[in-house]
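Only the coordinates and a few stated rules stand behind these numbers; no lab work does. Keep in mind that what you see is a predicted model, and the values were worked out from it rather than measured. We place every Cβ from the backbone using ideal geometry, glycine too, and count neighbours over all the protein chains shown.
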Amino acid sequence: MPLDRLAFQGLRNLQALELHPSPRINLFVGDNGSGKTSLLEGLHVLGMGRSFRTRQLRHAIAHEGDSMTLYGRLVGDPPLGIGVRRRRDASELEMRLGGEKLERVSRLVEMLPLQLINPDAFRLLEGSPAGRREFLDWGVFHVKQGFLDAWRRYRRALKHRNALLRHGRMSDASLNAWEQELVLWGERLDALRRDWMAAFQPVFAETLEGLISLPELELRYSQGWDRKRPLDEVLRQGRGTDRQMGFTQQGPQRADLGIRLGKRPAVEVLSRGQQKLVVSALKLAQGRLLEQATGLSCVYLIDDLPAELDSTHRRIFCEWLERMHCQAFITSVDPDALADLWSAQTPVAMFHVKQAGTGQGQLLPMDRQTS
């Protein structure tokens, strides 16, 4: 479901704003530092409960403000409001859905599926396995029923086993009990991930081929433990070294998504522009699979789309967005780099983000430019 209304107040350097976005493509242009990325950050907090720019949400509150309030309304019958507020002197994010208070951020994530494509997205290729697990689990969470419950139960069992490993005197009975839980939910978690990967692979291959021809590029799912041995055996035989380290070294918490070109990691071979297209294909394929499996569509947040892409690949990327019938919020320094890439049938809204005399960014609507 697309958003048809946004109201942000107290967000970084942005003036209070109320916006009725297009259900499809929304372009935000302006100089560096004007507040374009802050607007995407607000959307990310609204749907994920966290920022992609800072670990501490209080740092996203305007310098002179004492709180940040973000509101969005999802199209529907009736429309559904999502709201979050973060006070500078509080430690928790206040969340509401349809006027009712939420206790878990997973409900925000469920109701407003977001995909972010920004410079940090390159971490999918060059970063640690944790980022790739997050990407993987986002997809499984939205498509596979029971994933969240299995993930929580596994994390609980893992926490207890690790605590016992660090304890001076372990009870074998207690350790056996938590290992049984760990195996039960770990194998369930792995099965859900494998099922999702089987569905994701062909969608990703088709999407990648539409953006760039890299026939040797492949995705390899690694479960996080020796695939030749069952998890219970791995845990039992690893108790000694796990006790020395103080934590469980193998299991689904160590899963990874290898992205390789031939026999080498893709990041070692591809140019920066090629890397952006591979990352974009991964993110777009996430949205396509979500739509195929559930009928829901992603909201895409794309920071500085023209960066690293030539005019041909910018056009191809935008054609994919049009084909997916999703809602997108896209920033650029150069208005001419994006304005003429859309068909006449696609609703496009353009906004100029500029600094006012107060130093705060303000949003001004622009007429759509066409070639």
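Some notes on this structure:
- Normalised size of the chain, defined as Cα radius of gyration per 2.2 N^0.38 Å with N residues, equals 1.07.
- Here region 238-312 is described by how far its Cα atoms reach on the three principal axes: 56, 36, 24 Å, from widest to narrowest.
- Column: log10 I(q)/I(0), Debye, Cα scatterers of region 98-180, q = 0.15, 0.17, 0.22, 0.25 Å⁻¹: -0.80, -0.90, -1.07, -1.17
- Taking 7 Å steps out from each Cα toward its Cβ at R88 and M245 produces label points 4.3 nm apart.
- A viscosity of 1.567 mPa s and a temperature of 4 °C, combined with the Kirkwood radius over C-alpha pairs in the Stokes-Einstein formula, give region 223-366 a diffusion coefficient of 67 µm²/s.
- For the chain, the 222 nm mean residue ellipticity estimated from helices alone, with every DSSP H stretch of n ≥ 4 adding -39500 (n - 2.57) and the total spread over all residues, rounds to -13000 deg cm²/dmol.
- Net length available on complete extension from A163 to T294 is 43.3 nm, with 0.36 nm assigned per residue and the Cα-Cα distance removed.
- Sorted peptide list for 130-142, 201-213, criterion being average Cβ within 10 angstrom, highest first: 130-142, 201-213
- The packing ranking of peptides 226-235, 39-48, highest mean first, is 39-48, 226-235, where packing means the average number of other beta carbon atoms within 10 angstrom of each residue.
- Result for the chain in a Gaussian network model with C-alpha springs under 10 Å: among H313, H167, H59, the largest mean-square fluctuation is at H167.
- The equivalent ellipsoid of region 154-297 has semi-axes of 37, 18, 12 Å, largest first, where each one is the square root of 5 times an eigenvalue of the Cα gyration tensor.
- Gyration tensor (alpha-carbon) shape descriptor, region 1-92, a/c threshold 1.5: oblate
- Residues considered: A177, A191, A339. Largest GNM mean-square fluctuation over the chain, using C-alpha springs under 10 Å, is found at A177.
- Given their separation in residues at 0.36 nm each and the Cα-Cα distance between them, V333 and D31 gain 108.2 nm when the chain is fully extended.
- Projected onto its three principal axes, the C-alpha set of region 1-48 covers 30, 20, 19 Å, listed from the longest axis down.
- Separation between Cα centres of region 222-264 and region 332-354, rounded to whole Å: 47 Å
- Of the residues R194, R236, R86, the one that moves most in a GNM of the chain with alpha-carbon contacts below 10 Å is R236.
- Reference-scaled alpha-carbon Rg (2.2 N^0.38 Å with N residues) for region 194-241: 1.73
- Computed lengthening from T54 to A173, 0.36 nm per intervening residue step minus Cα-Cα distance: 38.6 nm
- Inter-probe distance in nm under a simple model that places probes 7 Å from Cα toward Cβ, at L80 and I316: 3.6 nm
- Options Q15, L270, A157, ranked by Cα towards positive dipole end of the chain, top entry (Cβ charges): A157
- A cut-off of 5 Å between modelled amide H atoms, ignoring neighbours fewer than 5 places along the same chain, links I61 with R12.
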